[in-house]
Amino acid sequence: MAVLVVILLVAIVLMFLAGNARALYFLTREVRLIEKKQERRLAEPSAVTNAPPVGGTNAAPTPTRSVAP
């Protein structure tokens, strides 16, 4: 009788182990897909940046001081 209980418990543990392995496989696959998407998104040149404008701006020019000789 005790042997059957132990075998049943081992079978239940193996079912949980198989289910967790399957879930881990799918989660790993999904993380890889998300990583690839993110790499593609970040690799594209972005039109919006935080860099200051390079050329002329609409701002008033800064006055320059002339040094007296």
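The values are calculated or read from the model by the stated rules, or taken from the named source; none is laboratory data. Just so we're clear, the structure is a prediction, and the values are computed from it rather than from any experiment. For neighbour counting, all protein chains shown are included, and Cβ atoms are generated from backbone atoms with ideal geometry for every residue, glycine included.
Look through ARG32, ARG41 and report the one residue that is modelled with pLDDT of 80 or more, surrounded by 10 or more Cβ atoms within 10 Å (Cβ to Cβ) and of a type outside the set (A, V, I, L, M). Break it down stepwise before answering.
On the way: ARG41 fails: surrounded by 10 or more Cβ atoms within 10 Å (Cβ to Cβ).
Answer to the check: ARG32.
Let me confirm something: among ALA18, ALA23, which residue is surrounded by 10 or more Cβ atoms within 10 Å (Cβ to Cβ), more than 24 Å from the chain's Cα centre (by Cα), among the small types (Gly, Ala, Ser) and at pLDDT 95 or above? So that I can check it myself, show each step before the final result.
Values: ALA23 fails: more than 24 Å from the chain's Cα centre (by Cα).
The conditions single out ALA18.
Would segment 53-64 turn up any residue that is among the aliphatic types (A, V, I, L, M), over 34 Å from the mean Cα position of the chain (by Cα) and modelled with pLDDT of 95 or more?
Filtering segment 53-64 down to residues among the aliphatic types (A, V, I, L, M) leaves 54, 59-60.
Those left that are additionally over 34 Å from the mean Cα position of the chain (by Cα): 59-60.
Within this subset, residues satisfying the condition of being modelled with pLDDT of 95 or more are none.
No: segment 53-64 contains no residue that is among the aliphatic types (A, V, I, L, M), over 34 Å from the mean Cα position of the chain (by Cα) and modelled with pLDDT of 95 or more.
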